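Input: a single structure, listed below in structure tokens.
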């Protein structure tokens with residue numbers, strides 16, 4: 001389901017607090033996060049260092065740790081926080097409407 | 001199962017094997033991982049400060065006690081076992097703390113990981129930033145010839161290198177030489193393969209600090225007219241590296257090269273609690289490679305969670321080393337010789353890699 005560039009990604013309750021899930025759309029993959037304050041964020045799904053799904057990683061506060069090399073990003077801004085990641089993650093706008101999580105990819 | 005390549009191969013990162021691995025689909029590939037429910041995985045990945053703080057305090061207290069023994073035994077034959085103990089307590093935990101803090105999993109608090117990483121890197125004489133990137137490549141392309149900079153021995157084995165490593169006489173001088181080059185802003189060709197340009201400045205400054213400490217230790221030796229200062233800092237990395245080599249040899253040697261399943265190229269070994277403390281549970285090496293975000297203190301639980309999907313662990317370090325040296329002796333005449341470990345009935349089949357998958361499809 002889409003409208004005005006927003007794509008329905010998942011239900012808000014599909015993601016545990018301080019966790020992440022994978023969302024695939026067309027030929028792209030994304031990571032959708034729920035913080036420990038139940039705020040939602042979205043980034044590209046692959047780590048910028050090597051092509052591994054961040055959704056298999058560990059969310060700690062506002063950081064996501066890649067499961068392969070333990071590089072870290074601030075998923076709220078996309079900023080690279082720990083080697084071996086050097087390049088920032090692309091982030092995307094997210095909104096929670098009546099328990100439905102939408103992300104704007106374009 | 002695939003046959004192993006029997007040609008004499010170029011293990012350098014700058015030779016043709018890297019390109020060959022790329023063509024074979026072995027570079028930065030997807031590796032087999034035992035399925036674990038997300039809830040369980042989150043529990044295993046959970047970070048804590050407590051275990052690593054406790055272990056670090058114990059380590060430094062034990063090192064200080066051994067140091068006092070070594071200091072007071074200086075000039076007598078008791079100095080030999082005292083310095084041997086000091087050396088093992090210096091080098092072996094430095095190796096494992098370097099490793100675990102490099103992954104950033106030992107402590108929950110980031111600065112604690114970084115502080116212990118920098119101290120342990122110096123103690124084990126590994127330039128901190130280059131080795132961080134070297135180890136990252138080791139995890140991306142584990143035992144992929146031409147890609148992995150941390151393959152301990154090629155096939156056939158080079159015996160004099162293994163013998164030299166009992167006292168770190170191969171890797172130690174190489175790393176010290178690299179540090180000296182870093183002081184002048186130079187990286188060698190292998191390092192350029194895995195260290196990004198953005199990290200070169202940091203690399204150089206770290207090495208300058210290391211070399212400054214070397215110079216202070218050397219100056220202290222001259223000032224006091226004795227080698228004693230160096231026997232407590234820098235040289236223990238050499239004379240205490242015996243256990244580092246033993247545990248290191250047990251990790252991958254004799255097993256497969258060029259596969260995409262850590263159960264084929266990595267060995268888990270049961271070890272006694274003392275060695276496990278010194279080695280920070282890296283004896284659970286299949287587990288560590290399959291799930292590097294699981295901290296050392298959770299590896300025994302991870303082992304329990306995936307052992308139904310893994311080959312039987314080696315029962316002891318001595319058994320693992322016997323297996324390794326038997327394989328190395330056979331590889332001297334037959335470089336293709338590889339240890340094949342059967343899987344339990346409960347395990348998923350081995351995934352050898354893209355070539356095996358293509359062959360199976362044919």
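The values are calculated or read from the model by the stated rules, or taken from the named source; none is laboratory data. Note that this is a predicted model, so its numbers are computed, not measured. Backbone-built Cβ (ideal geometry, glycine too); neighbour counts: all protein chains shown.
Among the residues of the stretch B:146-163, are any assigned to a helix (DSSP H, G or I), closer than 29 Å to residue B:52 by Cβ and at pLDDT 95 or above?
No; the residues of the stretch B:146-163 include none that is assigned to a helix (DSSP H, G or I), closer than 29 Å to residue B:52 by Cβ and at pLDDT 95 or above.
Being in contact (Cβ under 8 Å) with a residue 60 or more places away in the chain and within 14 Å of chain A (Cβ to nearest Cβ) is the filter here; which residues of the stretch B:128-148 pass it?
Residues of the stretch B:128-148 that are in contact (Cβ under 8 Å) with a residue 60 or more places away in the chain, as a first pass: B:128-130, B:133-134, B:139-147.
Selection gives B:128, B:129, B:130, B:133, B:134, B:139, B:140, B:141, B:142, B:144, B:147.
Can you name the condition, by its number, that residue A:24 falls short on among (1) without any contact (Cβ under 8 Å) to a residue 40 or more places away in the chain; (2) under 19 Å from residue A:95 (Cβ atoms); (3) more than 14 Å from chain B (Cβ to nearest Cβ)?
Going through (1) without any contact (Cβ under 8 Å) to a residue 40 or more places away in the chain; (2) under 19 Å from residue A:95 (Cβ atoms); (3) more than 14 Å from chain B (Cβ to nearest Cβ) one by one, residue A:24 breaks only (2).
Please indicate, with yes or no, whether at least one residue in the stretch B:286-298 is crowded, with 20+ Cβ neighbours inside 10 Å, in contact with a strand residue (DSSP E or B) (Cβ under 6 Å, 6 or more places away or on another chain) and under 27 Å from residue B:59 (Cα atoms).
There is at least one residue in the stretch B:286-298 that is crowded, with 20+ Cβ neighbours inside 10 Å, in contact with a strand residue (DSSP E or B) (Cβ under 6 Å, 6 or more places away or on another chain) and under 27 Å from residue B:59 (Cα atoms).
Got at least one residue in the stretch B:68-81 being in a helix (DSSP H, G or I) and buried (at least 19 other Cβ atoms within 10 Å of the Cβ)?
Checking the stretch B:68-81: at least one residue is in a helix (DSSP H, G or I) and buried (at least 19 other Cβ atoms within 10 Å of the Cβ).
Name the single residue that is surrounded by the most Cβ atoms within 10 Å (Cβ to Cβ) among those in the stretch B:26-56 being away from chain A (no Cβ under 13 Å) and part of a loop (DSSP other than H, G, I, E, B).
Among residues in the stretch B:26-56 that are away from chain A (no Cβ under 13 Å) and part of a loop (DSSP other than H, G, I, E, B), the one surrounded by the most Cβ atoms within 10 Å (Cβ to Cβ) is B:26.
What number of residues within the stretch A:84-104 satisfy the criterion of being away from chain B (no Cβ under 14 Å), outside any strand (DSSP E or B) and surrounded by fewer than 17 Cβ atoms within 10 Å (Cβ to Cβ)?
4
Could you give me the residue pairs with C-beta distances under 6 Å whose first residue belongs to the stretch A:1-14 and is without any contact (Cβ under 8 Å) to a residue 60 or more places away in the chain, whose second residue is surrounded by 14 or more Cβ atoms within 10 Å (Cβ to Cβ) wherever it lies, and which are 6+ apart or on separate chains?
If the second residue must be surrounded by 14 or more Cβ atoms within 10 Å (Cβ to Cβ), the pairs left are A:1/A:8.
Being surrounded by fewer than 21 Cβ atoms within 10 Å (Cβ to Cβ), in contact with a helix residue (DSSP H, G or I) (Cβ under 8 Å, 6 or more places away or on another chain), closer than 25 Å to residue B:289 by Cα and within 13 Å of chain B (Cβ to nearest Cβ), is that true of even one residue in the stretch A:73-83?
Yes, the stretch A:73-83 has at least one match.
Which residue, of B:185, B:172, is surrounded by 15 or more Cβ atoms within 10 Å (Cβ to Cβ) and either farther than 23 Å from residue B:327 by Cβ or within 14 Å of chain A (Cβ to nearest Cβ) (or both)?
On the way: B:185 fails: surrounded by 15 or more Cβ atoms within 10 Å (Cβ to Cβ).
The unique qualifying residue is B:172.
Tell me yes or no: at least one residue of the stretch A:30-51 is closer than 17 Å to residue B:294 by Cα and crowded, with 19+ Cβ neighbours inside 10 Å.
Here is the first cut: in the stretch A:30-51, the ones closer than 17 Å to residue B:294 by Cα are none.
Among the residues of the stretch A:30-51, not one is closer than 17 Å to residue B:294 by Cα and crowded, with 19+ Cβ neighbours inside 10 Å, which makes the answer no.
Just a yes or no: is a residue in the stretch B:196-205 farther than 26 Å from residue B:71 by Cβ, assigned to a loop (DSSP other than H, G, I, E, B) and modelled with pLDDT under 95?
Yes: the stretch B:196-205 contains one or more residues that are farther than 26 Å from residue B:71 by Cβ, assigned to a loop (DSSP other than H, G, I, E, B) and modelled with pLDDT under 95.
Yes/no matrix, rows are residues, columns are (1) under 21 Å from the mean Cα position of the chain (by Cα); (2) free of Cβ contacts under 8 Å to residues at least 40 places away in the same chain:
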| residue | (1), (2) |
| --- | --- |
| B:169 | yes, no |
| B:172 | yes, no |
| B:184 | no, yes |
| B:187 | no, no |
| B:210 | yes, no |
| B:230 | no, yes |
| B:242 | yes, no |
| B:246 | yes, no |
| B:251 | yes, no |
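Which one of these does residue B:59 not meet: (1) buried (at least 16 other Cβ atoms within 10 Å of the Cβ); (2) out of contact with any strand residue (DSSP E or B) (no Cβ under 6 Å at 6 or more places or on another chain); (3) at the interface with chain A (Cβ under 10 Å from one of its Cβ atoms)?
(3)
Among the numbered criteria (1) assigned to a strand (DSSP E or B); (2) surrounded by fewer than 19 Cβ atoms within 10 Å (Cβ to Cβ); (3) modelled with pLDDT under 95, which single criterion is violated by residue A:21?
Going through (1) assigned to a strand (DSSP E or B); (2) surrounded by fewer than 19 Cβ atoms within 10 Å (Cβ to Cβ); (3) modelled with pLDDT under 95 one by one, residue A:21 breaks only (3).
Out of A:49, A:69, A:63, report the one residue that is within 12 Å of chain B (Cβ to nearest Cβ) and touching a residue at least 24 places away in the same chain (Cβ under 8 Å).
A:49
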